[in-house]
Amino acid sequence: MTSQSETDRPILSLQGIKKHFGGVKALDGVDLDLYPGEVVALIGENGAGKSTAVKIMTGIYRPDAGRIFVAGEEVEVHDTRDAWRHGITAVHQETVMFEDLSVAENIFMGHLERRAGGFLDWKGMRRRAAEILRELESDIDADAAMNTLSVAQKHMVEIARALSHDSRVMILDEPTAALSQAEIHELYGIIRRWQAQGKAILYISHKFDEIFAIADRWTCFRDGAWVGQGRIADVTEDDLVRLMVGRSVAQLFPKPEVTIGEAVLEISGLGNAREFDGISFTLHKGEVLGFYGLVGAGRTEVMEAIFGLKPIDRGEMRMNGKPMPHGSPREVIDQGIVYVPEDRQHAGVILPMSIRDNLTLPLTRALAKNGVFLNDRAEQAVGNRFRERLSIKCASLDQKVSELSGGNQQKVVIGKWLATHPGVIILDEPTKGIDVGSKSAVHAFIAELVRDGLSVIMVSSELPELMGMSDRIIVMHQGHTVRELARADFDAETIVAAATGLGRLQEKRHA
Amino acid sequence: MRKLLRAREAALALIIAGLVGLITLRAPVFLSMGSLDTIVTDGAILSMMALVQMLAILTRGIDLSVSANMALTGMVVALLSRAHPDMAVGLTMALALGLGLLLGAINGVLIAYVRIPPIVVTLGTMSVFRGLVFQVSGGAWVNAHEMGPGFIGFPTARLFGLTSIVWIAALVILIGWAFLAHVRKGRELYALGGNPVAARYVGIDDTHNLMLVYAIIGLVAGLCGYLWVARYAVAYTEIALGFELNTVAACVIGGVGMAGGRGSVLGCLLGALFLVIIFNALPIIDVSPFWQQAISGFVILAAVILNSRGDRPLGKLILRRTEAAPVAGAAS
Amino acid sequence: MSVKLHFGKLAAATILAAASVLGASLAARADDVRIAMVVKNLGNGFFDAAHEGGEEAIKALPGAKLIYTGPTTPTAEGQIDIINSLIAQNVNAIVISANDPDALVPVAKKAMARGITVMSFDAGVAPAGRVFQLNPSKADLIGRKQIEMAAKTLGGKGEIAILSATAQATNQNIWIAEMKKVLAEPAYKDLKLVDVVYGDDQSDKSYREAIGLFRKHPDLKAIIAPTTVGITASAKAVTDQKLVGKVFVTGLGLPSEMAGHVHSGAVDTFAIWNPIDLGYTATYAAFQLATKKATGAPNSTIEVGRMKSIAIDASGEAAMSEPYVFDKTNVDKFAKIF
Amino acid sequence: MTLTHPSRPVRPMPKSAFETRLLALAARWETALVVILVVICGLNTAASPYFLDLHNLFDSTQIFSEKGLLVLSMTLIVITGDIDLSVASIIALTGTFVGFLALHGVATPWLVVGGIAVGTACGAFNGGVIVRFQVPAIVVTIGTMSLFRGISYIVLGDQAYTRFPESFAELGQGTLGGYVPWEFLIYLAMAAVFAVFLHRTVFGRDLFAIGNNAQAARYSGIRVQNYRFLVFTLSGAMAGLAAVLFTSRVGAVRPNMAQGWELEVVATAVLGGVAIMGGSGTIPGVVLATFVFGMLSFGLGLINVPGIIMSIVTGTLLIAAIATPIVVRRLRLALERRREGNPRG
């Protein structure tokens, strides 16, 4: 169908795109070319600027500089509808959904279809939605309300939404994070069909097996800058890793040799109504306990429940051998357990407040005169101590946290908790969305913590990081712990299989 | 969710039926045609205003200036009618709609373009509009005999047994329902209020939509301003003072979620009906008018508390799926 | 663009400016006799007419000036704030129609302590807060007149109800009490008072209350509304409900507002005193008191220009004549005046 | 772009962070308010010879002292990201209760205590419903706004409580040395207490944290719900105090007392620089705003302008105060962008 000349010309091309937020540079002059019938893997670490690029292509952000070409013509993409008009559609990393509306409405929201008279064509949309879902081999009911779906199902709806557009360019930003193995294969099939139809596909993923399985070309970003591009056939996994991180992998995980001590936190049979059940594990002194699972497997929910943020219906928690009160975060903090949440911007830091105020937030009372009046000098001292200890890069402690980079924001969150001298620190995706430098600083810091006798629970979706840092790894799937491995038994394939439910299924079949 | 909403509206309808039953037991005259006619006519303006107030609440806003808009528009058309008693009703309505729209657009610009929170903007414009009523009228009243006969007669003129005010309300409600359920712009308001970030991801522009919402509110408020003045045949500075809270109350009782993105035309209407029935029933069943305010406060609180369960976000569904369908693609 | 000034400098500048003007302003006070008429609320046709009467009095009084003011909503708080600012302006006399007889006492006392003459008209301030009170008529006469009008229209028989202003309105409550006294007389034994409701002097509420009365009392024959808002709203309700000829409205109203309803038949007769005369008398009397030409003490009299003189009784109140009754024959003539 | 480097040496701070922040704020909003206040006073002086009179100025503080008390607690509530529309109704209910007690011969000190207690209870009711059922404060307080005043109507109907002990009147009508009303002194004292509470204590810091990001505050171990309950209870207590003063000043209690104050109070807080979405605001700012409104309405009163004109001014001032900085910032950004574009082009 497509002539040679057309194939040679990219459908979508970014040239010299720049974007910064406040003082933080997210993109510093990146290029990207997408050709019809080709899958381009966009690779780069968290925080490399991949998602920012996606948002620029789909009109959610406006670039500060640079040019966008569609089929050779320069265009401006002001909003998502502009992007659609140019034939660009994306499945975003985070699910963006309307919980109160139906599946069909979620699929068509933003381009609801109309009948001749201008009124909405509900019947048609419902039928089309059901068709698309069938195409995805999904059993989701198009009339179901969004808030009755599981996380993985919501992801399928996201993909269905992309399918509802007749686009020339499909962007998939970590589409498989919440999907099972079978669903991933389903997705491959869809991508190949798109390829055959001459669409251009941008595929963003961390998982090398996926990239080598589906992509034709690669483009790499590092720290917001363009690093290079080429054909997948010409590179090895090691090449890509080098391109992404700019150094060799081994240095990244400074796992210290620490003697594991007595049990600190013992959890048994924890469960609640909707989110998780039968959660049991023991955390020892000086240990790094890793939690792995797909997005939506219930890891965060378990951690929030332990921290007193979610209801617990069943089970028992013991801290240092004694039953642990857990009605609210305050009580849990008083037990010496602290939690660095995944959603840093919403739950971790208070962006409009100063670095110092953030660092001393759980401590103000302890530092205050008579327990009431603010003690500026003591707070300043604590602020200075942790600014130094964590190498927080800032002009002054009075700077607002919103002006810091993601990595430095994360340091503030960790610093805030260390100042309370905890016994257990729970880190939920501690390196998500931060630059390489901060990332290794966080890793080094974890090592330092356990050397000092703290116990760490680390929830992460990045297997290398988890395998590099943990003493043990617990794998979760659909709200249950399905596998526990000691460091000696770590094996990426086993872990991923357990996380996608394969291990569990096999167990069931044997039973 | 839709089923839950339905259930909520059914419950409210049942409560209203029960309420009417109780009132009728005490005072059978309540169910007379005349009395029902009054309720419908009385409820017309509140229904329309509650409906447009719902648009603001759906998009996570609120419009406190509605009653001041009604008062200002009502006063201006009344003054015009005094100066030109023969003015055609159509022209009067057009002027009321136009002025209301203008006032609503002022809110809209400040909210959508300057980006000031709706509560602040409408609190301010409420004061300003109400003050302007006094300015344009010099504080004087426009009385029944000063207004043109057509001006006063139109809202209570009857067509097929119902007052034209009721027909207008029915039309406005029908349009409102069609807009919210069957027009793209209207449907998008639910998305905008339910999840503003996600709305941006699917290309829904909040600026235009908010502008539209507050303009519509102004438009309907202008219309209701005229109807109010003509129905009670008098215009003065305090017309509809505090009425904005009744419109919010009707929404709350009708299950419109204050957090945005949730609410139905039917619920809103039932909420308005509930309030109108209570206000009209109290004098009839011999409850001292002094009880009226406390009762409406109590009803609002009860509605808020009863609705609170539905408004709370549930946890993610992680477990159930494990039991229902192990893996979606397992069969293939 | 941002303004950068120091607190200190600003404060100093303010004090300087303040001090320099302070001396000048203290000397700049007028010698006129300034009389402030504080009404229940602005925009009320009745008080607009009283204002007119006040201006007429001022023309007759050399060196007198009238400040016509009042809150926009009929509240005591609004009147308190206004009287406070009148005290600050050091007016010579304040004439009040009170929204609340008791709440105005402290501020009125303060005014008197600062040498300002305070008297009330129409709706009175409690005795501690004024020199004397000028009643538009005598409460008993007003109460009686309204019952008489209802009795005449109904032929002395039937159910009647009262639709009043706010539940706190002083004079309305006194008149209602008087009406009840009159109803107890044998001559009116067939008139049955079935209800008293309050429309809060708001048209819509009054209107709804009137309709509530029709529903509750199917045999209702007359509504007495001793308030200008209530009477127009009731008459409108009667017309809208097609009850003209079945239910009659009477009470106190302004001819200009009532003419239409009289012609429609919803209203047979209604009454009111002449607000122009009332305003004239009150203003004139205040001038006399402020210029020490009269004391206003109990059992004294005050010369009030074209209204001759008024006599103050032992309880410190004076009354004008009985209310004037309007019907089809004379309403149009007075509608042009007030 | 950036790589890890050891952090630069920390420079000692010359001033405490609090002072720096306060100064920075003063340079923005409070200064503007002082300018507005001075302008208003200047205009008043020009418009009326009676304005700059010590006696009158002190008298005029009674226009805003009671409302000012409500503004203080409203400031805390708005900073935590909520709103309380029931304050004026709490005044009515509390006033009714105080009047009832006085009628039954209760002595002055107990009237004060009783009034504040009832106000506190009303506030606790608001806070309790909001926290227990997790419902938006705006709807709950719209409901209690009707309920509280409604109860007052049920109790009083067409009656009024007018009998109060002599000594009770001193509170609202008395002055220090014949000039300074006690009410004003109480207001100033409360303003000082609130300033310390908000800006110098742990509680105040926590309120800002909650208002800026309630979720993060909760994750930091701040008992968000307890604080919300606390500020609503405090708001009730302040309304109770204001009711006591109001009742004492006016000497009569009617159910319609203080009608419509809630909106003036919110408007004053917003003009005082409190972000309506929560998270920022200062007590000096709202105190200045209270004075601005107070002087404005006093000045307009002196030239006998009807009170409703004040509402036009209030509304315009409110919107202009918020819109101006936004519009100026946007214009400046647009200018900068153009300037940046030009040299290259």
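The values are calculated or read from the model by the stated rules, or taken from the named source; none is laboratory data. Note that the structure is a prediction, hence the values are computed from the model and not measured. So basically every Cβ, Gly included, is an ideal-geometry build from the backbone, and we count neighbours across all protein chains shown. In case anyone asks, the SASA skips ligands and DNA or RNA and just uses the protein heavy atoms, side chains included. Shrake-Rupley method; radii C 1.70, N 1.55, O 1.52, S 1.80 Å.
Accessible area of B:Cys251 (1.4 Å probe, protein heavy atoms only, ligands and nucleic acids ignored): about 0 Å². Using only the alpha-carbon atoms of chain B as identical scatterers, what base-10 log of I(q)/I(0) does the Debye formula give at q = 0.12, 0.15 Å⁻¹? With no solvent term, the Cα-only Debye profile gives -0.86, -1.28. Counting each pair of different Cα atoms once, what's the Kirkwood radius of region D:212-345 in Å, rounded to one decimal? By the Kirkwood definition, the hydrodynamic radius is 18.6 Å. When the residues C:Lys157, A:Lys50 are ordered by accessible surface, computed with a 1.4 Å probe over the protein chains alone, the sequence from largest down reads C:Lys157, A:Lys50.
Taking the Cα of B:Met33, stepping 7 Å toward and past its beta carbon, and measuring to each backbone N in region B:131-175: which are under 11 Å? Only B:161-162 pass the distance filter.
A dipole drawn for region A:12-251 from +1 and -1 charges on Cβ atoms has a positive end, and of A:Ala152, A:Pro175, A:Leu120 the residue lying farthest that way is A:Leu120. Straight-line cross-link reach from C:Lys180 at under 14 Å between alpha-carbon atoms covers these aspartates and glutamates, not counting any fewer than eight positions away in the same chain: C:Asp140, C:Glu148, C:Glu159, C:Asp190, C:Asp195.
Give, rounded to the nearest 20 debye, the magnitude of the charge dipole that chain D has about its Cα centre when Lys and Arg contribute +1 at Cβ and Asp and Glu contribute -1 at Cβ.
Numbers: 23 positive and 16 negative charges, 347 e Å.
Roughly 1660 debye, rounded to the nearest 20.
Relative to the longest principal axis of the Cα atoms of chain C, the long axis of helix C:7-27 lies at roughly 80 degrees. Looking at chain D as a GNM with Cα springs under 10 Å, which of D:Thr61, D:Thr162, D:Thr120 has the largest mean-square fluctuation? Largest GNM mean-square fluctuation: D:Thr162. A straight Cα-to-Cα reach below 26 Å connects C:Lys292 with the lysines C:Lys59, C:Lys65, C:Lys109, C:Lys110, C:Lys308, residues fewer than 8 places away in its own chain not being considered. Placing one equal scatterer on every Cα of region B:60-192 and applying the Debye formula, the log10 ratio I(q)/I(0) at q = 0.09, 0.17, 0.18 Å⁻¹ is -0.35, -1.08, -1.14. Less than 20 Å from a label point 7 Å out along the Cα-to-Cβ axis of C:Lys59: which backbone N atoms in region C:245-283 qualify, by residue? Residues passing the 20 Å test: C:274-283. The angle between the Cα long axis of helix B:184-194 and the main principal axis of chain B comes to about 70°, on a 0 to 90 degree scale. Counting only protein heavy atoms and using a 1.4 Å probe, the accessible area of A:Ile426 comes to about 0 Å².
Below 8 Å between Cα atoms, with a sequence gap of 6+, how large is the relative contact order for chain A in percent?
Numbers: 1025 pairs, mean separation 78.7, N = 511.
Computed over chain A, the figure is 15 percent.
Here region D:51-319 has an Rg and Dmax of 18.1, 55 Å, counting Cα atoms alone. Across the options C:Ser164, C:Tyr188, C:Ile142, the greatest Cα extent toward the positive end of the charge dipole of region C:139-272 (unit charges at beta carbon of Lys, Arg, Asp, Glu) belongs to C:Tyr188. With R₀ fixed at 60 Å, the C-beta to C-beta distance from D:Trp110 to B:Thr207 puts the FRET efficiency at about 0.60.
One quarter of the convex hull surface built on the alpha carbon atoms of region D:272-345 amounts to 7.4 nm², the projected area averaged over directions. Only Lys, Arg, Asp and Glu carry charge here, each on its Cβ (+1 for the first two, -1 for the last two); on that basis the protein assembly as shown has a dipole of about 1120 debye about its Cα centre.
Between A:Thr148 and C:Asp219, take the C-beta separation as r, use R0 = 56 Å, and let me know the FRET efficiency to the nearest 0.05.
Numbers: r = 59 Å, r/R0 = 1.05.
It comes out at approximately 0.45.
From the convex hull of the Cα coordinates of the protein assembly as shown, what is the mean projected area in square nanometres? Display every interim value, and only then the final one.
Values: hull surface 243.7 nm².
Taking a quarter of the hull surface, the average projection is 60.9 nm².
Residues considered: B:Ser308, B:Ser296, B:Ser47. Largest GNM mean-square fluctuation over chain B, using C-alpha springs under 10 Å, is found at B:Ser308.
Between the alpha-carbon centres of region D:244-309 and region D:96-146 there is a gap of 20 Å. Within the assembled protein chains, the solvent-accessible surface assigned to A:Arg115 is about 130 Å², based on a 1.4 Å probe.
Projecting the Cα atoms of B:His84, D:Gly127, C:Val304 onto the charge dipole of the protein assembly as shown (Cβ charges, centred on the Cα centre) puts C:Val304 farthest toward the positive pole. Rounded to the nearest 20, the Cβ-based charge dipole of region A:26-170 about its Cα centre (Lys and Arg +1, Asp and Glu -1) stands at 440 debye. If R0 equals 25 Å, the separation of the Cβ atoms of A:Ala366 and A:Arg318 corresponds to a calculated FRET efficiency of about 0.50. The ellipsoid equivalent to the alpha-carbon distribution of region C:73-161 has semi-axes of 36, 13, 9 angstrom, derived from the gyration tensor eigenvalues as √(5λ) and listed largest first.
Candidate cross-link partners of A:Lys369 among the lysines, defined by an alpha-carbon separation under 28 Å and a same-chain spacing of 8 or more, comprise A:Lys400, A:Lys411, A:Lys416, D:Lys15.
Express the Stokes-Einstein translational diffusion coefficient of chain C in µm² s⁻¹, to the nearest whole number, given a Kirkwood radius over alpha-carbon pairs, 4 °C and a viscosity of 1.567 mPa s.
Numbers: Rh = 21.4 Å.
For the chosen part, D equals 60 µm²/s.
Would you mind pulling out the separation of the Cα centroids of region B:1-67 and region A:252-274, in Å? Spelled out, the Cα-based centre of one part sits 56 Å from the other. Other residues within the sphere of radius under 9 Å centred on the Cβ of A:Leu136, judged by their own Cβ, net out at -3 (K and R +1, D and E -1).
Cross-link list A:Lys393/A:Lys439; C:Lys40/C:Lys293; C:Lys157/C:Lys189: which exceed 18 angstrom alpha carbon to alpha carbon?
On the way: A:Lys393/A:Lys439 14 Å; C:Lys40/C:Lys293 28 Å; C:Lys157/C:Lys189 8 Å.
Correct reply: C:Lys40/C:Lys293.
Each principal axis of the Cα cloud of region A:12-251 was taken in turn, and the coordinate range along them, longest first, works out to 55, 38, 34 Å.
Can you give the calculated 222 nm mean residue ellipticity of chain A, where each DSSP H run of n ≥ 4 adds -39,500 (n - 2.57) and the sum is split over every residue, rounded to the nearest 500 deg cm²/dmol? Kindly include the intermediate steps, with their values, before the conclusion.
On the way: 19 runs with 174 residues, N = 511.
Helices in chain A give a 222 nm mean residue ellipticity of -9500 deg cm²/dmol.
Of the residues in region A:75-117, those shielded by at least 30 Å² of accessible area once partner protein chains are present, compared with the chain alone at a 1.4 Å probe, are A:Thr80, A:Arg81, A:Val96, A:Phe98, A:Asp100, A:Leu101, A:Glu105, A:Met109, A:Leu112, A:Arg114. Applying the Karplus relation 6.51 cos²θ - 1.76 cosθ + 1.60 with θ = phi - 60° to region A:492-498 yields 3J(HN,Hα) values of 3, 5, 4, 5, 5, 4, 5 Hz, where x marks Gly and Pro. Computed over every Cα-Cα pair of chain A and binned at 20 Å starting from 0, the pair-distance distribution P(r) comes out as 21, 53, 25, 2 percent.
Among B:96-106, A:120-130, C:50-60, how do they line up from the highest to the lowest mean number of other beta-carbon atoms within 10 Å? Walk me through the numbers on the way to the answer.
Working: B:96-106: 22.0, A:120-130: 17.5, C:50-60: 19.8.
Ranked from most to least packed, the peptides come out as B:96-106, C:50-60, A:120-130.
Reducing region C:199-234 and region B:277-311 to their Cα centroids gives an inter-centroid distance of 22 Å. Among C:Gly129, C:Gly155, C:Gly45, the largest mean-square fluctuation in a Gaussian network model of chain C (Cα springs under 10 Å) belongs to C:Gly155.
Can you give the local net charge around C:Ala76? Use residues other than it whose beta-carbon is closer than 12 angstrom to its beta-carbon, Lys and Arg +1, Asp and Glu -1. List each step's numbers first, then the result.
Numbers: positive: C:Lys40, D:Arg249, D:Arg254; negative: C:Glu77, C:Asp81, C:Asp100, C:Asp102.
My count for the surroundings of C:Ala76 gives -1.
Taking a label point 7 Å from the Cα of D:Arg28 along the Cα→Cβ vector, which residues of region D:196-214 have an amide N closer than 19 Å to it? Zone members listed by number: D:198-200, D:205-214. First check a/c for region C:139-272, with a ≥ b ≥ c the square roots of the eigenvalues of its C-alpha gyration tensor; if it is under 1.5, answer rounded, and if not, answer prolate when a/b is larger than b/c or oblate otherwise. In terms of gyration-tensor shape, rounded. Calculated mean residue ellipticity at 222 nm for chain D: -25000 deg cm²/dmol, from DSSP H runs with n ≥ 4 weighted as -39500 (n - 2.57), summed, divided by the residue count and rounded to 500.
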